[in-house]
Amino acid sequence: MKIKAHRKANDLSLDDMSKLLGYESPNGYYYLETGRGKFTAEALAKVADKLGVSIEELFFVEEITEMAN
């Protein structure tokens with residue numbers, strides 16, 4: 001998933017991201033990152049900010065580029 005790639009590129013762990021969103025353990029964030037849970041708009045904004053990208057880049061830019069080719 002694209003979010004995971006950005007997280008790893010920024011040398012951030014599941015634990016780092018979990019703490020950012022206020023989870024007590026990495027499992028809560030893991031479920032979001034793997035698509036088993038749904039991000040809130042607020043959580044998406046925090047994640048995008050932490051990763052230094054826009055929300056759109058987390059989900060759509062690659063797909064739009066692929067569709068254009």
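Read the figures in this text as sums done on the coordinates, not as results from a lab. The structure presented is a predicted model; accordingly, all values stated were derived computationally and were not measured. A quick note on method: Cβ atoms are made from the backbone with ideal geometry, for glycine too, and the neighbour counts reach across all protein chains shown.
Quick one: putting +1 on the C-beta of Lys and Arg, -1 on the C-beta of Asp and Glu, what dipole do you get for the range 2-68 around its Cα centre, in Debye to the nearest 20?
Using only the charged Cβ atoms, the result is roughly 200 debye.
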message: Below 8 Å between Cα atoms, with a sequence gap of 6+, how large is the relative contact order for the chain in percent?
response: 30
- request: Note down the net charge around PHE39, summing +1 for each Lys or Arg and -1 for each Asp or Glu among other residues with Cβ under 10 Å from its Cβ.
  value: 0
field: Options TYR29, THR40, ASN10, ranked by Cα towards positive dipole end of the chain, top entry (Cβ charges)
entry: TYR29
- line: Quick note on LYS4, LYS46, ordering by fewest other C-beta atoms within 10 Å, gives LYS4, LYS46
